[in-house]
Structures are given as C-alpha cells and as structure tokens.
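First up is the structure itself, then whatever we jot down about it.
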Amino acid sequence: MKRCLVALTCVLVLAQAGQSRADTPNMRQSINYFMNYFNEAVVQAIHIREIEEQDQLDQKRPYTQEYVFYSDLNARIEKTLGLALNLCDLYYIYNKTTYCFTKDEKNYLFDRIDNILATLQKVKETPYNVDASLLEDKKSPTGRNMAEFGDRIDKLRAFIKSSLVVFQR
C-alpha cells in the first residue's frame, strides 16, 4: 500500500511539473515571439510612413503636431526594435551554449534583461512632445498608433517576465 501511495504521489508531482513547464515559453517560442514583435513593429513603422506621405506631413513648414508625434513614435519603434533584437540574440546565444554559462555569466544575462525591461518601460512612459489634445482622441490615427505601440510594449514586457523561466535562475 505504501509503495502505491509513493508511486501515485510521484506521478502526480511529475504531472504538475510537466503542466507548469508547458505553461511557460521555451527558447524557440521566445525567439519566435521576438521575431513576431519585430515584424509587427516594422509594419507599424511602414504604416506611419504611409500616413506621413499621404498627408504630406514632412513637407509642411513649420512642422505640424502630427509630424512631430510620428517622428517621435518612429524613433521609439526603432529603439524598441533594437532592444527586441538584442533580447532575441541573448535568448539564442543562451539556447546554444547553456552548458558553459557560469553563475556570473547568468547574473550578467539577468542584469542585461532587467536593463532592457527598464528601458522598454522608460520608452513607453516618456511623454510625447505634442499637445495632449492630439493624444487624447483614441479614435484618431495618432491615438490608435500610440495605443498600439503601448500595448505591444506591455505585451513584450509581460512575455519577457514569463519567459525568464527558460534561464532557470
């Protein structure tokens, strides 16, 4: 009877561990997520460029509030693209060399990821240098683009926090 109870307990514990491991993303899923983030951000940047060309915002002097907003948003998108690619590289390198990471190297890796998370939050929270009335209208192109960018940053930060399990801190 004791043997059956011990065996049953072991099976239940292993089943729970397998299920919790399945809930967290693995390395390949993490790298794919970063590449999807990159693609979505590039599409948004292209869309912004199309809006600028359609409305000929870059040709109007002095520059309009919309042009200033879109220029700022493009700069933020480019910065986050670099950070996402940096994360993708970190995850890829770790995936290929897990056997040779020392404790100090892992600490460096976690510090780097924490710095990227903080930078992403700072990029999102930095106020835009335009009138607040332009940003308050959530149905306008500027409001939609700002909301899309903010949502993408929030999702990326949440994904990074949930994927840290792959590094087995």
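Rg and Dmax of region 28-167, both derived from C-alpha coordinates alone, stand at 17.5, 58 Å. Size descriptors for region 99-154: radius of gyration and Dmax over Cα atoms are 17.3, 54 Å. What FRET efficiency comes out for the pair ASN39/ASP131, r = Cβ-Cβ distance, R0 = 30 Å, nearest 0.05? Approximately 0.40, to the nearest 0.05.
Taking label points 7 Å from Cα along the Cα-to-Cβ direction, GLN59 and SER140 give a separation of 2.3 nm. In square angstrom, what is the accessible area per residue of region 28-167 with a 1.4 angstrom probe? Roughly 58 Å² per residue, with all protein chains present.
Residue by residue, region 69-74 carries 3J(HN,Hα) couplings of 4, 5, 5, 5, 5, 4 Hz when phi is fed to the Karplus relation 6.51 cos²θ - 1.76 cosθ + 1.60 (θ = phi - 60°); x denotes Gly or Pro. Of the solvent-accessible surface of region 28-167, computed with a 1.4 Å probe over protein heavy atoms with every protein chain present, carbon and sulfur atoms account for 51 percent.
Note on ILE93 and ALA118: their simple-model spin labels are 2.0 nm apart, each label 7 Å out from Cα toward Cβ.
The values are calculated or read from the model by the stated rules, or taken from the named source; none is laboratory data. Quick caveat, the model's predicted, so the values are computed rather than measured. FYI the Cβ positions are ideal-geometry reconstructions off the backbone, even for glycines, and counts take in every protein chain you see. Please note that ligands, DNA and RNA were not included when accessible areas were found on the heavy atoms of the full protein model with its side chains. Shrake-Rupley method; radii C 1.70, N 1.55, O 1.52, S 1.80 Å.
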